[in-house]
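One structure is given below, encoded as structure tokens.
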Amino acid sequence: LSQPNDISLLIAVIGSHASRVKGRTRLQKEVCILKYGENVPFGFGFESHHYGPYSAQLTGALDTLIAAGLVEQSIVELSFDKWRYDYGLTEKGKRLFESVREALEKSNPNLVDKLADSVKKLEDMSIPSVVSLAKECSGIQSTPD
Amino acid sequence: VIWKGMYDLVYHSEKSRIAEKMLEKALLLSKDDAAIKGAFDMPQYLELNDEKLLSQLEKVTHPDVKHLVAIEDTKRLYEKLPKEKELQEPDFHMTTEFLDALAKDADELSDNLSCRLNDSLKLEAYTLICDIVTSKAPEEIPIDDKDEDGAPIQLSSRSKVVASIKPASVLRIYVKPDCTKAFKMDDLEHKLKELVEGPFDFVTTK
């Protein structure tokens, strides 16, 4: 079976969310959990960062998708001086996700369902729980302050 | 914001970017030359500097290399085609393979595109040089504060100016002097679209 590339998997993760991905931190930790805890074949390398495992390659891939017009970033105001950046697929991104899903179903039949189930569980967890699970799965802790 | 302005000003400056790509292609064409290979072996590598490298490249007999390293002669500098294109929908419908290669190594992808574009237009090697210039959003910049979950607060969540800096991937094409009429612009645009959107097999060497 062919190995899906990181961009396909990342589109599948973002597309599998019922709503938008709530913040870059959440996306980072979810992908980390999927890689180390669920054996989703992501190639992104993770290292210790201020708030647990972090992948610069994942940041680069997300930026590539934003630049390509496939993922959009939206601002959610949390309070008067604080906001969060959420991520979702654009209409073009959704169309690409459909073709990614079809390709994955042929090459890795169980992967799409596994991803959808895992993302659904992770989406319902709080950020501290997701961070804690990412640290546990990967064995990568936060860098000291 | 200063970082972004300085980065674009210095690293994306048109002429220095063209010169950098010409030097890169000269090195790629000379990679089997004994003197060039030797320059990257220890201990010669420790003494290597730009002038030594240029002087070694000037000795390479390959005619295209001679042309590419004549950087000081401004008339030999490649010309940028006026139309530069953002690699984004709806102008380009990129495959996940292409996007993956773009995210992993834009320089290698640019070289891959250059080689295939010249081949498909039946032009000599590096008559056209493709250059994908990626402009990043600022990476995570934590400020000295944490939110209620204990997560470091990022500068981009306090500054809408910083947050407004968006990533972009722009495709520029440089053409060898005196070769601007060696191809039709319509053919070039058609082939380029085919290459960006078509089947793609890319193996990065990094």
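The values are calculated or read from the model by the stated rules, or taken from the named source; none is laboratory data. Please read these numbers as outputs of a predicted model, since none were measured by experiment. Because the Cβ atoms are built from the backbone with ideal geometry, glycine has one as well, and the counts that use them run over all protein chains shown.
Here's the yes/no breakdown for (1) of a type in the set (A, V, I, L, M); (2) at the interface with chain A (Cβ under 10 Å from one of its Cβ atoms); (3) in a helix (DSSP H, G or I); (4) in contact (Cβ under 8 Å) with a residue 12 or more places away in the chain:
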position	(1), (2), (3), (4)
B:K75	no, no, yes, yes
B:E89	no, yes, no, no
B:L113	yes, no, yes, yes
B:L117	yes, no, yes, yes
B:I143	yes, no, no, yes
Of (1) buried (at least 19 other Cβ atoms within 10 Å of the Cβ); (2) more than 10 Å from chain A (Cβ to nearest Cβ), B:Q154 satisfies every one except (2)
Going through the stretch A:28-50 in order, the residues found to be within 14 Å of chain B (Cβ to nearest Cβ), closer than 24 Å to A:S74 by Cα and surrounded by 23 or more Cβ atoms within 10 Å (Cβ to Cβ) are A:Q28, A:K29, A:V31
Apart from one, (1) outside any loop (DSSP other than H, G, I, E, B); (2) closer than 30 Å to B:E194 by Cβ; (3) of a type in the set (D, E, K, R); (4) free of Cβ contacts under 8 Å to residues at least 12 places away in the same chain all hold for B:K37; the odd one out is (2)
A:V71 passes all but one of the listed conditions (1) exposed (fewer than 14 other Cβ atoms within 10 Å of the Cβ); (2) within 15 Å of the chain's Cα centre (by Cα); the exception is number (1)
B:A101 meets each of (1) touching a residue at least 40 places away in the same chain (Cβ under 8 Å); (2) farther than 18 Å from A:L10 by Cβ; (3) crowded, with 18+ Cβ neighbours inside 10 Å with one exception, condition (2)
Next on the checklist: Please verify whether A:L10 is modelled with pLDDT of 95 or more, within 10 Å of another protein chain (Cβ to nearest Cβ) and surrounded by 22 or more Cβ atoms within 10 Å (Cβ to Cβ), treating the condition exactly as stated.
Outcome noted: yes
In the stretch B:179-192, anything surrounded by fewer than 11 Cβ atoms within 10 Å (Cβ to Cβ) and not in a helix (DSSP H, G or I) is listed as B:K181, B:K184
Pairing a residue in the stretch A:9-34 that is farther than 22 Å from A:P109 by Cβ with any residue that is among the basic types (K, R), where Cβ atoms lie under 7 Å and the two sit 6 or more apart in sequence or on different chains, gives A:K22/A:R84; A:G23/A:R84
Exactly one of B:K66, B:K15 is among the charged types (D, E, K, R) and touching an Asp or Glu at 6+ places or on another chain (Cβ under 8 Å), and that one is B:K66
Those residues of the stretch B:159-185 that are touching a Lys or Arg at 6+ places or on another chain (Cβ under 7 Å), within 14 Å of chain A (Cβ to nearest Cβ) and not hydrophobic (A, V, I, L, M, F, W, C) come to a total of 1
Of a type in the set (G, A, S), surrounded by fewer than 12 Cβ atoms within 10 Å (Cβ to Cβ), part of a helix (DSSP H, G or I) and more than 14 Å from every other protein chain (Cβ to nearest Cβ) - does that describe any residue in the stretch B:9-20? yes
Residue hits (the stretch A:125-145; among the acidic types (D, E) and within 11 Å of another protein chain (Cβ to nearest Cβ)) are A:D145
message: Tell me yes or no: at least one residue of the stretch B:29-50 is in contact with a strand residue (DSSP E or B) (Cβ under 8 Å, 6 or more places away or on another chain) and surrounded by 12 or more Cβ atoms within 10 Å (Cβ to Cβ).
response: no
Note on A:I140: of the conditions (1) in a loop (DSSP other than H, G, I, E, B); (2) in contact with a helix residue (DSSP H, G or I) (Cβ under 7 Å, 6 or more places away or on another chain); (3) surrounded by 17 or more Cβ atoms within 10 Å (Cβ to Cβ), unmet is (2)
Checked the stretch A:60-113 for anything more than 9 Å from chain B (Cβ to nearest Cβ), under 21 Å from B:D91 (Cα atoms) and in a strand (DSSP E or B); matches are A:V71, A:E72, A:G88, A:L89
(1) within 13 Å of another protein chain (Cβ to nearest Cβ); (2) in a helix (DSSP H, G or I); (3) touching a residue at least 60 places away in the same chain (Cβ under 8 Å) all hold for B:V133 apart from (2)
